[in-house]
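Have a look at the structure below before the remarks.
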Amino acid sequence: MAFEKDLNLDATELRLGLPGTSDESAKNQTPATLRSNNKRALPEESMSSNATASKNCDQETAPLPKAQVIGWPPIRSYRKNNLQPKKSEGEISGIYVKVSMDGAPYLRKIDLKVFKGYQELLKALEDMFKFKAGEYSEREGYNGSEFVPTYEDKDGDWMLVGDVPWEMFTNSCKKLRIMKGSEARGLGCVV
Amino acid sequence: MQKEMAYSFPDEVLKHVFSFIQSDKDRNAVSLVCKSWYEIERWCRRKVFIGNCYAVSPRMVIRRFPEVRSIELKGKPHFADFNLVPDGWGGYVLQWIAEMAGAYPWLGEIRLKRMVVTDESLELIAKSFKNFKVLVLFSCEGFSTDGLAAIAASCKNLRELDLRESEVDDLSGHWLAQFPETCTSLVSLNISCLGSDEVSFSALERLVDRCPNLRSLQLNRAVTLDKIANILRRAPQLVDFGTGNYAAELQPDVFSNLAGAFSSCKELKSLSGFWDVVPAYLPALYSICPRLTSLNLSYATIQSPDLIKLVSHCPRLQRLLVLDYVEDSGLEELASSCKDLQELRVFPSDPFGVEPNVSLTEQGLVAVSLGCPKLQSVLYFCRRMSNAALVTIAQNCPNLTRFRLCIIEPKTPDYLTLDPLDAGFGAIVEHCKDLRRLSLSGLLTDHVFEYIGTYGKKLEMLSVAFAGDSDLGLHHVLSGCESLRKLEIRDCPFGDKALLANAAKLETMRSLWMSSCAVSFGACKLLGQKMPKLNVEVIDETEPPDSRPESYPVDKLYIYKSVAGPRFDMPPFVWSMDEAVKILH
């Protein structure tokens, strides 16, 4: 069946470029196949729930191992969570917490396992919500910023992000909230 | 003379006639007959279905249909189920509730799918609608048990509360106790998605006790097996029941109590739940198996022999959801025992394993297609397939309306011939003339799309992944599938040409999703410019698409028809290609 004749694309009205020119140059662009091959390596790459994608971010050109294609096979998270935990690295074993910011109408979710420490986490939060956290010091919390990253721990207490060692934080953090500076005063006071 | 006919019936008569017309399609047709029918119809439409919450604004709906009592809204695109849509994308229901609170004081039913529902929204529902009866939150998120407490406490005549597959922030199980003692109206309660260990069981028991019309009850995983008998004895009228976890040490008295409780439920037709199944307790179900029409064992990690035993007791089964532990042998048994089977879903027990962990192949599906002539709906995960098997299935089941096949490894060829699976899927679309929904997998070239475009005339929804060679593939689908409403594509080499050549087609569809394809930013802009009735949205979480050359492909693209114009709640990683919005963004 010669369907090729049907695809008389030159005659269509919509095209890129000026009338009379062809779009040869567009043809030479390499289409993106699996995302990892074309994305710049960014530490906050894993907005999506593929925990290991950013482990590969140092190897910009390494292809994604096949077990780790995002959203494939197409199974919903609640089903995956109901199966016995498997040895294969990947989407099931992350520590997902919700992140909200005062004034922003949307929630985000991030995987804490993906970050090596507070610096990476803060950079990711800053990029996600477009704010600057300011300088952190143990005594004074976050200086020089309107927004303060806080988190709710296992006991339901709200703490400043950075007050406890990283490991302790990832084990106890239930959710994150980027508070307006005025509300955050008095948080994480020295015991 | 003919013109006068339309006016010869008084409005009241027309209104009465229209009240018998329930389907949206028919109502829409009625409203197009003439202006006066449009007017009468819009005042008496009670139910509205909005397949894409961004296709129209709440204000527009309220303006046209002032007396709505029941609304259904869908938010995120389907691929959100597989984490392809970033959190924060949208689908917030709050604005809808706020506007309807003022306009529809008698709103009684709200059904939402894939929407973000906050506690604030739930509290607003509880406060605003005095006659609220039905709340269905299918695959929703953003709320906690606090919001549920508000609903339970305020909705005096609540009939249905269904939270299926939603993500709920479980703060405490005590929200159940918020249902007042005077609430006796519940007909359906689905809390299977709740994670907490704290569902207040005594509150649940009392609730079940005082609701004699309760027909459908789905418990959550935290409810233990020994509690089932108590619940069932309080609600022997149940038609649809979901257990909690179905595991306990085998004890004769617990077993006989359970078996007795099940056998007292003479109306029970549908079962689900079954987390952590202990096979020894399955025979407790045998007394009701002959009546069962629907069985969801998709969380039951039991092996084939136990599944076979159970299924062979259920000759009336119409719907079966199961894990691939059922294996080919179990499906062969199903094919010989369950001649009424209409729907089969087989889920993978080890989706990320490289080697198959169970003996489930294309043979199982072939056996079912042979033995179950009424088969209409299939969802099947497996690791190998052949064109021959697909052709056989197509020939055996010409009445298929939904066929979703997922061969776990992308681009897997026919395991016998190493050919692409074009011919097999081609046979499916050719033989199954009523096919409405199709999901493809395996190694596929542009040819499969040629078949789909040629034969898939009733196809409404198509899901494509890792398939095709060129724009020709996409062109076949867009130009051939006359009934196409939803198209979702990931990781295919489809670019600008087919999309631009078929731009007008997009206005006839609900939506198009393309991710990890080859559509350029320039083409998206062009579409946004030329097609004002479409919202063209580019999703990119790493950087703004205009920080790269126009010919660079976009990460994700979501196009949908809308009369509301570009939306106002786009997060920073979503860019609208609408000219006006771009200036402000």
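Some points to look at:
- Selected residue (only one of B:483, B:515 is within 23 Å of the chain's Cα centre (by Cα) and more than 11 Å from chain A (Cβ to nearest Cβ)): B:483
- The one condition from (1) away from chain A (no Cβ under 14 Å); (2) closer than 22 Å to residue B:336 by Cα; (3) among the hydroxyl-bearing types (Ser, Thr, Tyr) that residue B:386 does not meet is (2).
- Residues satisfying the stated conditions in region B:14-30, i.e. under 28 Å from the mean Cα position of the chain (by Cα) and β-branched (Val, Ile, Thr): B:21
- Answer from B:541, B:488 - the residue that is over 23 Å from the mean Cα position of the chain (by Cα) and in contact (Cβ under 8 Å) with a residue 60 or more places away in the chain: B:541
- Matching option when the condition is at pLDDT below 95 and in contact with a Ser or Thr (Cβ under 9 Å, 6 or more places away or on another chain), among B:488, B:543, B:550: B:550
- Search result, residues across region B:248-263 that are small (Gly, Ala, Ser) and either in contact with a strand residue (DSSP E or B) (Cβ under 6 Å, 6 or more places away or on another chain) or surrounded by 14 or more Cβ atoms within 10 Å (Cβ to Cβ) (or both): B:248, B:259, B:260, B:261, B:263
- The number of residues in region B:493-516 being within 23 Å of residue B:459 (Cβ to Cβ) and either among the acidic types (Asp, Glu) or out of contact with any strand residue (DSSP E or B) (no Cβ under 6 Å at 6 or more places or on another chain) (or both) comes to 15.
- Selection from region B:342-359 of residues that are closer than 21 Å to residue B:300 by Cβ and within 14 Å of chain A (Cβ to nearest Cβ): B:345, B:346, B:347, B:348, B:349, B:350, B:351, B:352, B:353, B:356, B:357, B:358
- Exactly one residue out of B:542, B:508 is away from chain A (no Cβ under 12 Å) and of a type in the set (Ser, Thr, Tyr): that is B:508.
- Among the residues making up region B:325-361, those that are charged (D, E, K, R), under 25 Å from the mean Cα position of the chain (by Cα) and modelled with pLDDT of 95 or more are B:340, B:343, B:345.
- Residues that are without any contact (Cβ under 8 Å) to a residue 40 or more places away in the chain and outside any loop (DSSP other than H, G, I, E, B), drawn from region B:48-79: B:48, B:49, B:50, B:61, B:63, B:64
- Taken over region B:396-437, the residue count meeting the criterion of being within 14 Å of chain A (Cβ to nearest Cβ) and not β-branched (Val, Ile, Thr) is 11.
The values are calculated or read from the model by the stated rules, or taken from the named source; none is laboratory data. Fair warning: this is a prediction, and the values are worked out from it, not measured in the lab. Positions of Cβ are generated from backbone atoms using ideal geometry, with glycine treated the same way; all protein chains shown enter the neighbour counts.
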